[in-house]
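Encoded as C-alpha cells, here's the structure I'll be asking about.
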Amino acid sequence: MEKKATSRWWRAVKITVARRFNLHLDKAAEDDVISSITKNSEFKGANLWTLIFAIFIASIGLNVNSTAVIIGAMLISPLMGPIMGIGLGIGISDFELVKKGARNLVIATLISIAASTLYFALTPLQEAQSELLARTTPSIWDVFIALFGGLAGIVAGTRKEKSNVIPGVAIATALMPPLCTAGYALSAGNGYYFMGAIYLYFINSVFICISTFLIVRFLKFRKVRFADKGYERKISRYILIIITITILPSIYLAFRIVDKSIFVSNAQKFVREQFQFRNTQVVNKSYRYESGGREIDLLLIGYELPANVIDSIRNNLPKYNLGKTTLQIRQGLNAKQEIDFSQIRASILEDMYRNDSARNERLIDNPAARDTFPDLTGEMSALFPGLSYYAASKAVFRHAAANKQDTVTLVITRFSRRPGTADRRKMQQWLTARLRADSLKLVVE
C-alpha cells in the first residue's frame, strides 16, 4: 500500500514538472517560425543599413567607453538572424537555408569589420578603452553566455507571443562589440587584438548556432524531405559534416578557455599570496597562456628579492596547480628598461587611497587620534639626509597683543649638518602637504 502511494506521488510530481517545463505549450506554427528566421537571415535593404548604423554606434560607444551606447547598438543589431538561420537549417536538414545563412553571415561580418575599420581610421580618439579591451580576451563565461543566450533566443523565437527576450539575448551575447574591436585592431595594426576579437565573435556565433540546433531538434521540427533519396542522403552527409566541423572545434575552444581561466585564477592567487613584502611591490604582472607553455611575468620595485627567496617562491608553484608554469621576475637592473611609470603611479595612488581610507576610518572611530601624525622618519631621512630626529605635534600659539590664538602644526627637527635656506623651504612645503596641515611651523635646531 505504501509503495502504491509513493508511486502515485512520484507520478504526480513528474506530471507537474512536465507541464511546467513543457516547451510545446504556446509554440508557434513551425512554418511561421521557419519563415520568420529565414527572413531575418537575409542582409539586404533595411537590414543591411540597420547593421551599418549599429556598427557605427557600437564603434562610437567603444571609442568613448560608453556602456549605454554599446547596449543601444546591440539592441538594434540584426546579426543574430543568419546565425539562428544556420542552426535552424542544420536542425531541419535544409541545406539551402544553411548556405543562405552562412553566406549572409559572412557578408554581414565583412561589412561590419569594414565599417568599424573606417570609423576607427577617421576618429581622433585612438586610445583603447576598457570596454574595447574587454572584447580581446574571451573567457569561459563568454561560452556560457553564448550557449544560454542562444537557448533563450530560439525558445523565444518559437513562441506565438513575442517577448523582450530577443533584445535581451542580443545584449547578453554581444556579437557587435567584438566585430568593432576587430575593426579597431585593423586600423591600429594590432594583430593580437584582432585575433582575440574574432575568436570571441566565433565563439558567440558557434554556440548560438548550436543552441538553435538543440532546441529545434528537441521540439522535433519536421526535416526537409526530398523526392530523390540519393540527394537526401547526400544532403544529410553535408549536414553531418557541418555539425562535426562546428562542434569539434568549439569543444576544443571551450576546453582551452576553461583551462586558461583556471590558470589565470590560480596565477592571481599565487601572486597575491606569495608576494607580500613590506619593501618590495609588484607593479606590473602578466599571465601568458600559450600552446608552448605558461608563464607568469612580474615586474618588481623596491628592495631586490634575494635568489634564495625567489627559489623558495618558485617551489610553491605546484601548490597552486602551476607546476609547469615559468615564473619570470624582473627587478633591479633587469627591470630598468621595463618599468612602466604610469603603472607605478597607479599602484602608489592605490596604496595612498587605501591608507587614507583606513586613516579616515580610524579618525571617525577615535576622535582622539585626530591629533596624531604618521611616522615620517624613513621618508624624511631619504629626502633630507643627515636627519638626527624630528618631533611633530599640534601647538596652540597665543598672541598676547592681539588677544587671539592659532592652532598650528609644529615640527622640530635636528640635523647632523644644518640644511640651507632652500632645503628648509622645501622641507616646509613637503611637510605641509604630507601632514595635510593648514598651517605649519618648522623649527630646525
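Just the number, please: percent antiparallel of the DSSP beta bridges in the stretch 373-444, rounded to the nearest 5.
Bridges in the stretch 373-444 are about 70 percent antiparallel.
Could you pull out the trypsin sites (Lys or Arg not before Pro) across the stretch 222-329 that fall in loop regions by DSSP (anything but H, G, I, E, B) with no more than 16 other Cβ atoms inside 10 Å?
The qualifying sites are Arg222, Lys223, Arg225, Arg278, Lys324.
Note down the relative contact order for the stretch 373-444 as a percent, whole number, built from C-alpha pairs under 8 angstrom at least six residues apart.
Relative contact order, the stretch 373-444: 30 percent.
Work out the charge dipole of the stretch 20-224 with +1 on the Cβ of Lys and Arg and -1 on the Cβ of Asp and Glu about the Cα centre, then indicate which of Ser130, Leu79, Ile92 is farthest towards its positive end.
Comparing the listed Cα positions along the dipole, Ile92 ranks first.
Between Lys160 and Met195, what FRET efficiency comes out of the Förster formula 1/(1 + (r/R0)^6) with R0 = 45 Å and r the beta carbon distance, rounded to 0.05?
Efficiency for this residue pair is about 0.60.
Note down the nm distance, to one decimal, between modelled labels 7 Å out along Cα→Cβ at Val408 and at Ala307.
It works out to 5.6 nm between the two label points.
Another question, if that's okay. With r as the distance between the Cβ atoms of Lys39 and Asn65 and R0 = 30 Å, compute the FRET efficiency 1/(1 + (r/R0)^6) and round to 0.05.
0.25
Magnitude of the Cβ-charge dipole of the stretch 373-444, K/R +1 and D/E -1, about the Cα centre, nearest 20 debye?
For this selection, approximately 220 debye.
List the GluC sites (Glu not before Pro) in the stretch 1-103 that DSSP assigns to loop (not H, G, I, E or B) and whose Cβ has at most 11 other Cβ atoms within 10 Å. Which are they?
In loop regions of the stretch 1-103 (DSSP not H, G, I, E or B), there are no sparsely surrounded GluC sites (Glu not before Pro).
Turning to a different aspect of this structure: From the square roots a ≥ b ≥ c of the eigenvalues of the alpha-carbon gyration tensor of the stretch 171-326, which class results: rounded (a/c under 1.5), prolate (a/b over b/c), or oblate?
Prolate, because a/c is 1.5 or more and a/b exceeds b/c.
Next question, about the same structure. Kindly state, as a whole number, the per residue volume in cubic angstrom of the convex hull around the alpha carbon atoms of the stretch 20-224.
For the stretch 20-224, the hull spanned by Cα atoms encloses 110 Å³ per residue.
Using alpha carbons only, what's the Rg to Rh ratio of the stretch 373-444 with Rh from Kirkwood?
Here the Rg-to-Rh quotient is 1.01.
I would also like to ask the following. With an 8 Å cut-off on Cα pairs and a minimum separation of 6 or more residues, tell me the relative contact order of the stretch 20-224 in percent.
Across the stretch 20-224, relative contact order equals 30 percent.
Could you state, as a whole-number percent, how many of the C-alpha pairs of the stretch 1-84 are farther apart than 22 Å?
57
Hey, can you grab everything whose amide H is under 5 Å from the amide H of Arg294? Only 5+ residues off in sequence or another chain; H modelled, so Pro and N-termini drop out.
Long-range HN contacts for Arg294: Thr326.
Same structure, new question: So between Leu219 and Glu96, what do we pick up on full extension, going 0.36 nm a residue minus the alpha carbon distance?
Extra length from Leu219 to Glu96 when fully extended: 42.2 nm.
Further question on the same structure: Past 22 Å, Cα to Cα: identify those pairs from Lys27/Lys100; Lys39/Lys100; Lys27/Lys223, in the order given.
The answer is Lys27/Lys100.
We did not get these values from a lab; they are worked out from the coordinates using the rules stated. Keep in mind that what you see is a predicted model, and the values were worked out from it rather than measured. Glycine gets a Cβ as well: all are built from the backbone with ideal geometry, and neighbour counts include every protein chain shown.
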